[in-house]
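> Submitted below is the structure of interest, expressed as structure tokens.
The values are calculated or read from the model by the stated rules, or taken from the named source; none is laboratory data. Source: prediction; values computed, not measured. Reconstructed Cβ throughout: ideal geometry from the backbone, glycine too, with neighbour counts over all protein chains shown.
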Amino acid sequence: MKSEKEVLRFSRGERIQHIILFSSLIVLALTGLALRFHGNVVARMLIATEGGIEVRGLIHRIAASALLLVVAYHFIQILFGERGHREFMSIMPRGGDFRNSWTALKYNLGISKEKPKYDRYSGLQKLQYWAVVVGVGIMIITGFLLWFPSQAMALMPKWLMDITLIIHGYQGTLVFVVLFLWHLYNVHIRFGKPFFNKTWLTGRISLTELKERHPAEYERLRGRGELSEE
């Protein structure tokens, strides 16, 4: 049986960035939420498993450092890398995203048979990316202030530090809910998709899936002679 042709969608570097990003966020969520809800039985069990409060803090900071490094690398790649800059421009919101979202809503409600003609990224994928950008940005800023409390207290009043602690905790919870429930559902569970989407591991997507889910990108690449279904 002839295997279906696939095309490269994400480079090795992009896949590594993705793995470091979600791995560090998982560790940050587990260690951070365990401390925030320390009175809970499950939280106490997690803290004990981690080796206590001090070890939990060390693990949390190591994960935070990994997150900082991958964010810095991503930012540098966007500024100075040709592919990184091109990917960033393709994930910028455009007017067509709203038209496609409206078309998708009508199609999902059965009002219209027309399917949205998504390009490289759909409006939902762009929304998820920018939600992570904003959420991680807030976590990094507030996390820095909490990481160096003495220096932060020299520049800001205690009540502002208390607000920073609250924001950091709630933002961590929000990122966990949005990223690991919404994102996982849309990528791996949503009806009509394969249960386990391997693109994040292999970086490759089949021509059939590309044509079905990103028709505008498919037509553009085919017009440039970069695709062949033979």
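> Among the numbered conditions (1) in contact (Cβ under 8 Å) with a residue 40 or more places away in the chain; (2) more than 14 Å from the chain's Cα centre (by Cα), tell me where residue 146 comes up short.
Going through (1) in contact (Cβ under 8 Å) with a residue 40 or more places away in the chain; (2) more than 14 Å from the chain's Cα centre (by Cα) one by one, residue 146 breaks only (1).
> If you don't mind, there's one more thing I want to ask. Within the stretch 71-96, count every residue that is under 19 Å from the mean Cα position of the chain (by Cα), without any contact (Cβ under 8 Å) to a residue 60 or more places away in the chain and part of a helix (DSSP H, G or I).
So in the stretch 71-96, the residues under 19 Å from the mean Cα position of the chain (by Cα) come out as 71-78, 83-93.
Now narrow it down to the ones that are without any contact (Cβ under 8 Å) to a residue 60 or more places away in the chain: 72-76, 78, 84-86, 88-93.
Next, from what is left, pick out any that are part of a helix (DSSP H, G or I): 72-76, 78, 84-86, 88-90.
Within the stretch 71-96, residues that are under 19 Å from the mean Cα position of the chain (by Cα), without any contact (Cβ under 8 Å) to a residue 60 or more places away in the chain and part of a helix (DSSP H, G or I) number 12.
> While we're here: Would you pick out the residues in the stretch 74-85 that are surrounded by 12 or more Cβ atoms within 10 Å (Cβ to Cβ) and not small (Gly, Ala, Ser)? Quick ask: steps written out before the conclusion?
So in the stretch 74-85, the residues surrounded by 12 or more Cβ atoms within 10 Å (Cβ to Cβ) come out as 74-75, 77-78, 81, 83-85.
Within the stretch 74-85, 74, 75, 77, 78, 83, 85 meet the criteria.
> Ok, one more. Here's a check for you: in the stretch 97-126, which residue that is farther than 24 Å from residue 178 by Cβ and of a type in the set (Gly, Ala, Ser) is surrounded by the fewest Cβ atoms within 10 Å (Cβ to Cβ)?
110
> Let me ask something additional. Please go through the stretch 86-96 and give me each residue that is surrounded by fewer than 14 Cβ atoms within 10 Å (Cβ to Cβ) and more than 14 Å from residue 217 (Cβ to Cβ), ordered by number.
Answer for the stretch 86-96, where residues must be surrounded by fewer than 14 Cβ atoms within 10 Å (Cβ to Cβ) and more than 14 Å from residue 217 (Cβ to Cβ): 92, 93, 95.
> Report, by residue number, each residue of the stretch 215-230 that is under 13 Å from residue 7 (Cα atoms) and modelled with pLDDT of 85 or more.
Result: 217, 218, 221, 222.
> Okay, next question. Here is a check on your reading of the model: is residue 200 aromatic (Phe, Trp, Tyr), surrounded by 14 or more Cβ atoms within 10 Å (Cβ to Cβ) and part of a helix (DSSP H, G or I)? Can you show your working first?
On the way: aromatic (Phe, Trp, Tyr): yes; surrounded by 14 or more Cβ atoms within 10 Å (Cβ to Cβ): yes; part of a helix (DSSP H, G or I): yes.
Judged against the criteria, residue 200 is a match.
> Could I ask something else about it? Within the stretch 1-21, can you find the residues that are surrounded by 15 or more Cβ atoms within 10 Å (Cβ to Cβ) and modelled with pLDDT of 90 or more? Break it down stepwise before answering.
Initially, the stretch 1-21 is screened for residues surrounded by 15 or more Cβ atoms within 10 Å (Cβ to Cβ), giving 6-7, 9-10, 13-15, 17-18, 20-21.
Answer for the stretch 1-21, where residues must be surrounded by 15 or more Cβ atoms within 10 Å (Cβ to Cβ) and modelled with pLDDT of 90 or more: 9, 10, 13, 14, 15, 17, 18, 20, 21.
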